[in-house]
Amino acid sequence: MKRVFKKAVITTMTFAMVVGGASSAFADKGKDKDKDDDRRSSWTTPGNKGWNAGNGNNGWNDKNKSNSIHIGGDVNIFVNFNDMEGVEWAVQHIASLASKRVFEGYEDGTFKPNNHITRIEAITAAVRLMGLRDQAESAAEKSTSLNFKDADKLAKQYPWAIGYVSLAVKNDLFTELETSVQPEKTADRLWATTLLVKALKLDGEAKAKMNTKLTFKDADKIPAGSVGYVAVAVEKGLVNGFENNTFRPNDPVTRAQLAALLDRTGEQMPGQEKDVVSGQVTAINGNVLTVLKGGVSTAVGLDPNAFVFRDGVRAPIAAIQVGDEVRAKVINGIGIYLEVTKSTTTNPVVDFTVSGRLYSLEWNSGKISRIVINTAASGSDTPTLSYYNVDPNYSVIGNAALLTYDRNIVVKGRNQVVASIEIK
């Protein structure tokens, strides 16, 4: 049985995701009927075991995965989704894109990874990947008069998308022969591949490779004018063939598959280091990391619902170690996505002591499993919160009945896991 104090427990906040009018860009357009597992090898990196609640980390369970993160104003986003079963290979790609607000989920905490993607959804994501979201959603772009045959339909049914289509045209994401946007048409592998190569501004390279002899068994199904785009995408590591050496250009693309393609493309997109802190972790204090790079130390405070990816799987914040090399996406000063790019080869023992006032507790089977401490100065209206998992064999020093909200306490432990709680 889990109990919490009357104060809100930040680790279980359930803000509704607000992403403006463009949230409808990712509406449910139907389930992916293709269950052929070998498609993974073409669009994802297999072997990611993903995150599950059965790994014994106290205070972390399925409901935590669907929590949103408040990033300022009335905007909240999800980076942890509650419907990733069966698509664990895509979890990191999806979280990475969500942290950049390139490809987002739904306000119920789902991502619907197996749904087919439509052309307008893919165009929107590509424009966002290029860093043009604010411009696409500006009044000037949304008032653009488009020349496509279905411009009137687009304006009526997808008014929020006008700016995205306008910028897609300006950035040559459409081919010269396309006369309609066809927003509701399902995006296929060839079309999506071409779109992302164009987003990388690699048209010139693609045209230079139009006479490449592709080795796919079904290369004859790829139009001559598209061969160069496929060749560049393969060369850049964006896509490859299925296990039977087919490309399947006309297969529909799922949201999970597009996430993998977008994330790989994003790694090669200029300006991807904006709002990113990278370096080696030199100190950890609760949810605050000190990251050192080039002789400069930067403090990164992680949101309790931040997505952490370490050693090939999703992990709790407590799994981060001093010595790890990390790359963190930061919005408004708060880290919401962190990837351990190189794990420390040692397991250093780091003892810690933290003093503050008790903010909240989480209980599991009659024991404290997680503790939140307010370390802000007494009288401050704004709490400074540190989050810790608690060792199952913890001890309480003093009268346990006094372990109440705002009580002065001192916690001690090792490697960010609390071993004792002293009541002052």
Applying the selection to the stretch 216-252, what residues are farther than 18 Å from residue 266 by Cβ, open to solvent by less than 20 Å² (accessible area, probe 1.4 Å), in a helix (DSSP H, G or I) and among the hydrophobic types (A, V, I, L, M, F, W, C)? 227, 230, 231
List pairs: first in the stretch 148-163 and closer than 18 Å to residue 137 by Cβ, second in a helix (DSSP H, G or I) and open to solvent by 20 Å² or more (accessible area, probe 1.4 Å), Cβ under 6 Å, 6+ apart or cross-chain? 160/21; 162/142; 163/142
Go through the stretch 174-201 and count every residue that is open to solvent by less than 10 Å² (accessible area, probe 1.4 Å) and either assigned to a loop (DSSP other than H, G, I, E, B) or aliphatic (A, V, I, L, M) (or both). 8
Boolean, residue 162 is within 22 Å of the chain's Cα centre (by Cα) and open to solvent by less than 20 Å² (accessible area, probe 1.4 Å): no
For the list (1) part of a loop (DSSP other than H, G, I, E, B); (2) within 15 Å of residue 260 (Cβ to Cβ); (3) not hydroxyl-bearing (Ser, Thr, Tyr), I need the number of the one condition that residue 211 fails. (2)
When the stretch 387-410 is checked residue by residue, the ones that are over 32 Å from the mean Cα position of the chain (by Cα) and of a type in the set (A, V, I, L, M) are 396, 397, 400, 401, 402, 403, 409, 410
Scanning the stretch 374-411 residue by residue, those open to solvent by 60 Å² or more (accessible area, probe 1.4 Å) and at positive phi turn out to be 379, 406
When you look at residue 85, is it in contact with a strand residue (DSSP E or B) (Cβ under 9 Å, 6 or more places away or on another chain), modelled with pLDDT of 65 or more, of a type in the set (Asp, Glu) and not in a helix (DSSP H, G or I), yes or no? no
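Take the residues of the stretch 202-215 that are within 32 Å of the chain's Cα centre (by Cα) and touching a residue at least 24 places away in the same chain (Cβ under 8 Å): which is least open to solvent (accessible area, probe 1.4 Å)? Don't jump to the end; show me each part of the working.
First, the residues of the stretch 202-215 that are within 32 Å of the chain's Cα centre (by Cα): 202-206.
Among the residues that remain, those that are also touching a residue at least 24 places away in the same chain (Cβ under 8 Å) are: 202-203, 205-206.
Details: 202: 25, 203: 33, 205: 72, 206: 0 Å².
The selected residue is 206.
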Which fully enclosed strands (runs of 3 or more DSSP E) of the stretch 312-368 have 2 or more residues being under 19 Å from residue 286 (Cα atoms), open to solvent by 40 Å² or more (accessible area, probe 1.4 Å) and polar (S, T, N, Q)? 351-364
Would you mind stating whether residue 205 is touching an Asp or Glu at 6+ places or on another chain (Cβ under 6 Å) and more than 30 Å from residue 343 (Cα to Cα)? no
In the stretch 110-128, which residues are in contact with a Gly (Cβ under 9 Å, 6 or more places away or on another chain) and either basic (Lys, Arg) or outside any helix (DSSP H, G or I) (or both)? 111, 112, 113, 114, 115, 116
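Matching residues to (1) out of contact with any helix residue (DSSP H, G or I) (no Cβ under 7 Å at 6 or more places or on another chain); (2) without any contact (Cβ under 8 Å) to a residue 60 or more places away in the chain; (3) closer than 17 Å to residue 170 by Cβ; (4) crowded, with 21+ Cβ neighbours inside 10 Å:
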| residue | (1), (2), (3), (4) |
| --- | --- |
| 111 | no, no, no, yes |
| 114 | no, no, no, no |
| 137 | no, no, yes, no |
| 145 | yes, yes, yes, no |
Given the criteria open to solvent by 20 Å² or more (accessible area, probe 1.4 Å), over 14 Å from residue 97 (Cβ atoms), assigned to a loop (DSSP other than H, G, I, E, B) and modelled with pLDDT of 90 or more, does residue 280 qualify? no
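The values are calculated or read from the model by the stated rules, or taken from the named source; none is laboratory data. Because the structure is a prediction, the values reported are computed rather than measured. Cβ: placed from backbone, ideal geometry, glycine included. Neighbour counts: every protein chain shown. All accessible areas refer to the heavy atoms of the entire protein, side chains included, with ligands and DNA or RNA removed. Shrake-Rupley method; radii C 1.70, N 1.55, O 1.52, S 1.80 Å.
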